[in-house]
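Just below is one structure, and these are the notes that go with it.
The values are calculated or read from the model by the stated rules, or taken from the named source; none is laboratory data. Please read all numbers here as calculations on a predicted model, not as lab measurements. Positions of Cβ are backbone-derived with ideal geometry, glycine not excepted, and every protein chain shown enters the neighbour counts.
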Amino acid sequence: MRAARKTKVQPSQVNRRSSNPKRPPGEVYDSRSYNRAINYAAKKAGIAPWHPNQLRHLAATNLRREFGLEVSRAVLGHSTVATTEIYAERDEAQARLAMERSG
């Protein structure tokens, strides 16, 4: 399109890049840019926004449900079980089952 122009390009349009940007572009995604990309895509798709850390919480909960709290702690790399309990939700179904069995 630029080659087919009949008039000259305005000087301000020749190179719109900043000659001295405040912050250069990054080499890879960091956690904030990854989160922004997900939220942008979710908004564009018309779905509720979500945070990438929710995947870690889901994995921790599934590990706790299937293998127990200690395995979940080891996989997540936490030094204490208390930290893992923040990530891995309790299995309410197992609690109900235990209460039914115990009366």
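Just a few scattered comments:
- Just one of the listed residues (N35, N15) is surrounded by 13 or more Cβ atoms within 10 Å (Cβ to Cβ) and at negative phi, and it is N35.
- Within segment 1-37, the set of residues being at pLDDT 80 or above and not in a loop (DSSP other than H, G, I, E, B) comprises S31, R32, S33, Y34, N35, R36, A37.
- Every residue from segment 39-73 that is loosely packed, with under 14 Cβ neighbours inside 10 Å, assigned to a helix (DSSP H, G or I) and either touching a Leu at 6+ places or on another chain (Cβ under 9 Å) or touching a residue at least 12 places away in the same chain (Cβ under 8 Å) (or both): R56, V71
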